[in-house]
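Notes follow the structure.
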Amino acid sequence: MFTAVSVKIPGIVRIKPGALARLGIYCRRESFRQVLVVVSEGLPENILQTLREGLAREGIAVREVVADGCELEKAGALFIANPSGFAAVAGVGGGKALDIAKYVAFLSQKPYLAAPTSLSNDGFCSPQSSLTVKGRRFSLPSAVPHAVVVDTEVCLAAPKSLWLSGVGDLASKLTAVRDWKWAFHNAGTPVNDLAALMSDASVYQFIARPERDAAGMRLLATALMLNGVAMTVCGSSRPASGAEHLVSHALDATSANPRLHGWQVGMATYALAAVMPRAEEERKMLENLFAVTGFFDAVRAAPFSLAEWDQAVDLAPTIKDDFPSIISLPEIREGVKRQFRENPVLRGCFV
Ligand SMILES: [Zn+2]
């Protein structure tokens, strides 16, 4: 018997040059006459101007607030200060602004519009907000975007390090899906085939053309967005996050100098693909992807700490409760640590 399942997905998706200037048009069409806009701290003036002018042109009343942190308390305070005076919440900028806006939208049950100005991870369309409580980071259930607005020109102007982080986070879906299947076979964790397929397929679309140009930005944004949708489809972060994310979370908790999310998960993805059984094809693909995009070279220019990564790998199995993962196997952890030292591809990436 077939069961029809209904999930909330973004109804408006605009991934193109000049999309940010049109945010007002999208709001007007949806009858969002008053919008709470959460922007990142330090967003370049030209981006702010484009945003403000576009909204003003369409007569949208805006309350603009700056996200100067991503504490749960901040999102709560914003929600309380704006009980019902807006029709939608927009997040414009980087992770913190988007996470805060998403959570305020979730609390107030208002539509959420995601407008990332860089593509450093898949958070802009995920059904979770990454917020901190007393300095500790938590993934909380949150609003799925009503609209995803990605201005590819704006994203292209963002630093290359952010793009590389997005590439690393996207690549991590390969090991995330493998780890999910491992959890199915070894611990009975249910796998949603469609979500796994969506996650896997999105990576391949980008890998076929891994360029940092307008078309490449569109592919990367689309792929990262589909990962968010894959999480929504199955109600779990598993299609987008596996053993490689556990290592990154462990680094976030212990490193003296945590690095960009996608840099950490990208490296952990490669090392894991090199030791996971039957992942030879993925390893080769990642090797090529990270060579042609300059990912490995960027890491070499600012190498990771070997001692911190060893510690993070050992800590990884303890990071999440009820999350069976191949990283719980000692031979996998030892294999990953050996990769850091012995794999010639990673020469210079660790000190
Ligand atoms: Zn991620």
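Exactly one residue among SER31, SER108, SER6 is surrounded by fewer than 23 Cβ atoms within 10 Å (Cβ to Cβ), at pLDDT below 95, out of contact with any helix residue (DSSP H, G or I) (no Cβ under 9 Å at 6 or more places or on another chain) and among the hydroxyl-bearing types (Ser, Thr, Tyr), and that residue is SER6. Scanning region 167-188 for residues that are surrounded by fewer than 24 Cβ atoms within 10 Å (Cβ to Cβ) and either aliphatic (A, V, I, L, M) or within 11 Å of ASN227 (Cα to Cα) (or both) yields ALA183, ALA187. Inspection of region 120-134 identifies no residue that is under 16 Å from VAL39 (Cα atoms) and either more than 18 Å from the chain's Cα centre (by Cα) or of a type in the set (Val, Ile, Thr) (or both). For region 243-257, a residue qualifies if it is within 10 Å of the ligand (Cβ to nearest atom) and touching a Ser or Thr at 6+ places or on another chain (Cβ under 7 Å), and the qualifying residues are GLU244, HIS245. The sole residue among LEU36, LEU55 that is in a helix (DSSP H, G or I) and farther than 30 Å from SER199 by Cα is LEU55. Counted as qualifying within region 260-351 are the helices (runs of 4 or more DSSP H) with 3 or more residues that are in contact (Cβ under 8 Å) with a residue 60 or more places away in the chain, namely 261-273, 280-292, 306-315, 330-342. Only one of the listed residues (ALA223, ALA215, ALA240) is crowded, with 18+ Cβ neighbours inside 10 Å, part of a helix (DSSP H, G or I) and of a type in the set (A, V, I, L, M, F, W, C). That residue is ALA223. Every test in (1) surrounded by fewer than 18 Cβ atoms within 10 Å (Cβ to Cβ); (2) over 19 Å from CYS155 (Cβ atoms) is passed by GLY18 save one, and that test is (2). Would you call MET217 among the aliphatic types (A, V, I, L, M) and within 15 Å of the ligand (Cβ to nearest atom)? The answer is no for MET217.
Just one of the numbered conditions (1) more than 14 Å from the ligand (Cβ to nearest atom); (2) touching a Cys at 6+ places or on another chain (Cβ under 7 Å) is not true of GLY228: (1). Within region 260-276, the set of residues being out of contact with any Pro (no Cβ under 8 Å at 6 or more places or on another chain), within 13 Å of the ligand (Cβ to nearest atom) and within 18 Å of ALA307 (Cβ to Cβ) comprises TRP263, MET267, ALA268. Give the residues of region 119-141 that are buried (at least 23 other Cβ atoms within 10 Å of the Cβ), free of Cβ contacts under 8 Å to residues at least 60 places away in the same chain and away from the ligand (no atom under 15 Å from the Cβ), sorted by residue number. Once the filter is applied, which keeps residues that are buried (at least 23 other Cβ atoms within 10 Å of the Cβ), free of Cβ contacts under 8 Å to residues at least 60 places away in the same chain and away from the ligand (no atom under 15 Å from the Cβ), region 119-141 yields nothing. From the list ASP179, ASP151, the one residue that fits, being of a type in the set (D, E, K, R), under 22 Å from TYR26 (Cβ atoms) and at pLDDT 95 or above, is ASP151.
Pairing each residue of region 209-227 that is closer than 16 Å to THR293 by Cα with any residue that is modelled with pLDDT of 95 or more and acidic (Asp, Glu), provided the two are 6+ apart or on different chains, yields C-beta distances under 8 Å for ALA214/GLU153. Residues that are out of contact with any strand residue (DSSP E or B) (no Cβ under 9 Å at 6 or more places or on another chain), at positive phi and at pLDDT 95 or above: does region 304-316 have at least one? No, region 304-316 has no match at all.
Please work out if THR232 is assigned to a helix (DSSP H, G or I), closer than 23 Å to CYS155 by Cα and more than 11 Å from the chain's Cα centre (by Cα). Even if it seems obvious, please write down each step before you answer.
Details: assigned to a helix (DSSP H, G or I): yes; closer than 23 Å to CYS155 by Cα: no; more than 11 Å from the chain's Cα centre (by Cα): yes.
So THR232 does not fit the description; no.
The lone criterion from (1) charged (D, E, K, R); (2) within 16 Å of the ligand (Cβ to nearest atom); (3) more than 18 Å from TYR270 (Cβ to Cβ) left unmet by ARG209 is number (2).
The values are calculated or read from the model by the stated rules, or taken from the named source; none is laboratory data. Owing to the predicted nature of the structure, the values given are computational and were not obtained by experimental measurement. Every residue, glycine among them, receives a Cβ derived from its backbone with ideal geometry; neighbour counts consider all protein chains shown.
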